[in-house]
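A short write-up of the structure that comes next.
The values are calculated or read from the model by the stated rules, or taken from the named source; none is laboratory data. None of these values were measured; they are calculated from a predicted model. Here the Cβ positions follow ideal geometry from the backbone for every residue, glycine too, while neighbour counts run over all protein chains shown. Remember, those area values only see protein heavy atoms, side chains included, never the ligands or the DNA or RNA. Shrake-Rupley method; radii C 1.70, N 1.55, O 1.52, S 1.80 Å.
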Amino acid sequence: MGACTSCNTASASIIVSAGPDTLHACFMVCLKMDLYHSKYANMPITYSVKPCPPGKGYVDNTYGEGTVFSGFNAMGRPEKSVVTEVVPLEKVVMTSADGAATMTHTMTALPGDKCRLELEMKCLFAGGFKAHAAMQVNTMKHFIEANVGPICNDAPPIGRQFGKITESFKAALTTKPTAFCGNCGKASSKDAFCGGCGVPNGGAATGGDPPREGF
């Protein structure tokens with residue numbers, strides 16, 4: 001018999017609503033793990049950062065494919081993650097230094113300045129961490145909604161940046177679709193119904209929790 005895929009995967013998603021900079025803030029929180037992980041994580045780790053190779057950075061010439069985050073977990077064991085894929089405002093993939101675990105954050109822009117934020121973890125027995133994944137995206141949501149201003153002041157969106165966002169980041173955004181299905185996030189078309197989930201185009205987004213103060 002083949003390997004149990006669900007046993008080795010844990011995922012969860014949530015809707016984040018923090019105004020016009022929601023998507024940008026979600027991306028930055030997922031990418032800059034040394035700054036934000038300790039502020040929202042269920043099992044926080046304070047990371048140091050080793051910049052990515054020259055020419056690979058999307059932000060501060062530090063964060064991109066090849067960036068390495070190092071820290072120690074609650075049991076005092078070293079943790080090291082390497083950024084292996086970045087799609088600006090869409091995806092951040094990190095892999096453990098030994099290649100045994102992968103963590104993927106995916107962001108999907110939705111109507112109404114909302115964003116669907118998804119976390120997927122893949123490693124041996126990750127299926128036992130499904131509740132952890134759900135709690136993690138929930139705390140990320142509340143942290144982002146409460147701190148969207150400071151997050152975007154640290155690395156401002158296109159048009160407001162001061163040398164933080166690289167030309168590679170800007171170029172990657174030139175072909176982004178501008179309209180999305182409110183139910184599943186798929187790019188809209190002129191058809192009457194969404195090609196992703198079948199609801200009438202123009203449907204409203206659903207999901208997520210009400211904002212909570214204190215993060």
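Just one of 109, 25 is touching a helix residue (DSSP H, G or I) at 6+ places or on another chain (Cβ under 9 Å) and assigned to a strand (DSSP E or B); which is it?
Sole residue among the options that is touching a helix residue (DSSP H, G or I) at 6+ places or on another chain (Cβ under 9 Å) and assigned to a strand (DSSP E or B): 109.
Within 14 Å of the chain's Cα centre (by Cα) and at pLDDT 95 or above: which single residue out of 108, 102 fits that description?
On inspection, the qualifying residue turns out to be 108.
Out of curiosity, is residue 120 charged (D, E, K, R), at pLDDT 95 or above, open to solvent by 20 Å² or more (accessible area, probe 1.4 Å) and not in a loop (DSSP other than H, G, I, E, B)?
The answer is no for residue 120.
State which residue pairs qualify: first residue under 12 Å from residue 71 (Cβ atoms) and in contact (Cβ under 8 Å) with a residue 60 or more places away in the chain and inside segment 27-42, second residue of a type in the set (S, T, N, Q) and assigned to a helix (DSSP H, G or I) in any location, beta carbons under 7 Å apart, and separation of 6 or more residues or different chains.
Final answer for the pair search is 41/136.
Which of (1) outside any loop (DSSP other than H, G, I, E, B); (2) buried (at least 19 other Cβ atoms within 10 Å of the Cβ); (3) not aromatic (Phe, Trp, Tyr) does residue 49 not meet, given it meets every other one?
Going through the list (1) outside any loop (DSSP other than H, G, I, E, B); (2) buried (at least 19 other Cβ atoms within 10 Å of the Cβ); (3) not aromatic (Phe, Trp, Tyr), residue 49 breaks only (2).
I'd like the residue in segment 52-79 that is on the phi > 0 side of the Ramachandran plot and out of contact with any Pro (no Cβ under 9 Å at 6 or more places or on another chain) and, out of all such residues, is most open to solvent (accessible area, probe 1.4 Å).
55
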